[in-house]
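Report on the structure given below.
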Amino acid sequence: MSGGLTIVYTGKGKGKTTAALGLALRATCYDKKICMIQFIKGSWHYGEMDSTKKNQVNMIL
């Protein structure tokens, strides 16, 4: 049995959500289980999340 992997993206710059979703998408293509936790202040819209829903990627957002 192999161990898990934890990746934390932090900082004020752009690209964290895109990087995390890209890695999660790659993992689901290899039938891996993923858990994404995101803390957002206020409402915010991410086009990447719409894309995963539209393309019926096996991810719960």
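The values are calculated or read from the model by the stated rules, or taken from the named source; none is laboratory data. No experiment lies behind these values; they were computed from the predicted model shown. Ideal geometry is used to build each Cβ from the backbone, glycine not excepted, and the neighbour counts take in all protein chains shown.
Restricting attention to the range 1-26, which residues are farther than 16 Å from SER51 by Cβ and within 14 Å of the chain's Cα centre (by Cα)? So that I can check it myself, show each step before the final result.
First, pick out the residues of the range 1-26 that are farther than 16 Å from SER51 by Cβ: 1-14, 16.
If the condition is that a residue be farther than 16 Å from SER51 by Cβ and within 14 Å of the chain's Cα centre (by Cα), then LEU5, THR6, ILE7, VAL8, TYR9, THR10, LYS16 are the ones that fit.
Contact list please: Cβ distance under 6 Å, first residue in the range 10-27 and at pLDDT below 90, second residue in a helix (DSSP H, G or I), pairs at least six apart or on different chains.
THR18/GLU48; LEU21/GLU48
Sort out which residues of the range 1-28 are among the β-branched types (Val, Ile, Thr) and closer than 19 Å to PHE39 by Cα, and write them in order of number.
THR6, ILE7, VAL8, THR10, THR17, THR18
Can you find, within the range 28-49, the residue that is modelled with the lowest pLDDT among those that are within 12 Å of the chain's Cα centre (by Cα) and either part of a loop (DSSP other than H, G, I, E, B) or closer than 21 Å to SER2 by Cβ (or both)?
For the range 28-49, the residue satisfying everything is TYR46.
Within the range 1-29, track down each residue that is among the aliphatic types (A, V, I, L, M) and surrounded by 11 or more Cβ atoms within 10 Å (Cβ to Cβ).
ALA19, ALA20, LEU21, LEU23, ALA24, LEU25, ALA27
Which condition does THR52 not pass, out of (1) at pLDDT 85 or above; (2) polar (S, T, N, Q); (3) in contact with a Leu (Cβ under 8 Å, 6 or more places away or on another chain), if it passes all the others?
(1)
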